[in-house]
Amino acid sequence: MTVTASAPGKLIILGEHAVVYGKPAIALAIDRRIRCTLSKASETTVNGKAFDEDKHPYLKYMLRSSEHPVRIETESGIPPGSGLGSSAALSTSFLRALNKLNGTDIDDGTLAKDAFDVEYTVQGGASPLDTSASTHGYGVALNAPEDAGRHLWDISINGRTWSVRDIAIPEMTLVVGYTGLHAATGPLVEKVRRYKDRNTFAADIVDEIGRTTTDGLDALRKGDLVKLGKLMTHDHKLLSILGVSCNELNKLVDASLRHSYGAKLTGAGGGGSMMALTDEPEKVCEAIALHGGKPFVVRTGEHGARLE
Ligand code: PMV
């Protein structure tokens, strides 16, 4: 028996870093997916090669309870380390396929919790934003007010609980600009924590990101892309003040603004990717390429982790 599942990557449209302190955050699934094909085998292999635990920490953790070796084939349309949720998409697609291979169909709430456990353990701390967006697809918000959308599930770990809601999103075209720089999430989260512990000014910035995200939920509900774009650009400034942007990201954001409703870094920052909300994607792609970034157009409205 062979089982295939795929799952989307994501963009954080507002609220990264502040979500660590209980503020709301919004993520959208994008039309870039990871596909995992699994079958029972006599030894575990990954894309035709013997399984090397050190190279594949996520697979190592997810295979810990597998009763038999697995032949694993993966295909990815998400650049690794780009801040677009490749590890979450790997975890959600792999777990959906592995459960099916073992004769179980798990519901989305269980999948989101299990995939978050993988991210949390392997990465050493994370919010469940990426894994919930990859599981559910479309748009999700964490820590959002009750009227923001249908409650999907709660996720708890170490005494903390996040509530996850489905949010309606208008059709949008976004251009992603990948800096080509890989920056690990953990140290950037720590940097903000140190800044915030030392400085009440940094705590004010985190509060302001929270308010900006709440306004963003309202703009999304109304389909007001002009307002949403302004909020995104404002959020980028706040994240820069927190010290998680970098020259490469700032250059790509600046270059995109002429042809966009707004632009910001997405994810942890320090490298990775930025995104611009636009209805002139070709012009934004040109501007990003001219300033040293790797552009690609993404569309929203993408479904979540699914068996194929
Ligand atoms: O680097 P990413 O795309 O996993 O995003 C990290 C987002 C943070 O808010 C900085 C951390 C988190 O786990 O929510």
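The values are calculated or read from the model by the stated rules, or taken from the named source; none is laboratory data. In this text, all values refer to a predicted model and were calculated from it rather than measured experimentally. Quick reminder, even Gly has a Cβ in these numbers, built from the backbone with ideal geometry, and neighbours come from all protein chains shown. Please note that ligands, DNA and RNA were not included when accessible areas were found on the heavy atoms of the full protein model with its side chains. Shrake-Rupley method; radii C 1.70, N 1.55, O 1.52, S 1.80 Å.
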Original post:
Rounded to a whole number, what % of the accessible area of the chain do carbon and sulfur atoms account for, probe 1.4 Å?
Top reply: 47 percent
Original post:
In deg cm²/dmol, rounded to 500, what helix-only [θ] at 222 nm does the chain give when every DSSP H run of at least 4 residues adds -39500 (n - 2.57) and the total is split over its residues?
Top reply: -12500 deg cm²/dmol
**OP:** Give the shape of segment 173-297 as rounded, prolate or oblate, defined through the alpha-carbon gyration tensor: a ≥ b ≥ c are the square roots of its eigenvalues, a/c under 1.5 means rounded, and otherwise the shape is prolate if a/b is larger than b/c and oblate if not.
**Re:** oblate
**OP:** Quick one: work out the % antiparallel among DSSP beta bridges in the chain, nearest 5.
**Re:** 95 percent
**OP:** Roll a 1.4 Å probe over the protein chains and send me the accessible area per residue for the chain in Å².
**Re:** 43 Å²
**OP:** Could you grab the relative contact order for the chain? Cα pairs under 8 Å, six or more apart, rounded to a whole percent.
**Re:** 25 percent
Original post:
For ASP218 and GLU146, what does the FRET efficiency come to when R0 = 22 Å and r is the distance between their Cβ atoms, rounded to the nearest 0.05?
Top reply: 0.95
Subject >> Choice from ILE26, ILE13, ILE106 with maximal GNM fluctuation in the chain (Cα, 10 Å cutoff) >> reply: ILE106
Original post:
Tell me which aspartates and glutamates have Cα within less than 18 Å of LYS49's Cα, excluding those fewer than 8 residues away on the same chain?
Top reply: GLU73, GLU75
**OP:** Given a cut-off of 27 Å, name the pairs among LYS10/LYS237; LYS191/LYS222; LYS230/LYS283; LYS23/LYS222; LYS23/LYS227 whose C-alpha atoms lie farther apart than that in the structure shown.
**Re:** LYS191/LYS222
**OP:** Using per-residue counts of other Cβ atoms within 10 Å, averaged over each peptide, order 32-44, 146-158 from highest down.
**Re:** 32-44, 146-158
**OP:** Grab every C-alpha pair in the chain, bin the distances at 20 angstrom width from 0 up to the longest one, and report whole percents.
**Re:** 35, 56, 8
Subject >> Inter-probe distance in nm under a simple model that places probes 7 Å from Cα toward Cβ, at ILE241 and ASP204 >> reply: 0.7 nm
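Among the listed pairs LYS60/LYS196; LYS60/LYS251; LYS264/LYS294, which are separated by more than 26 Å between their Cα atoms?
Among LYS60/LYS196; LYS60/LYS251; LYS264/LYS294, the Cα-Cα distance tops 26 Å for LYS60/LYS196; LYS60/LYS251.
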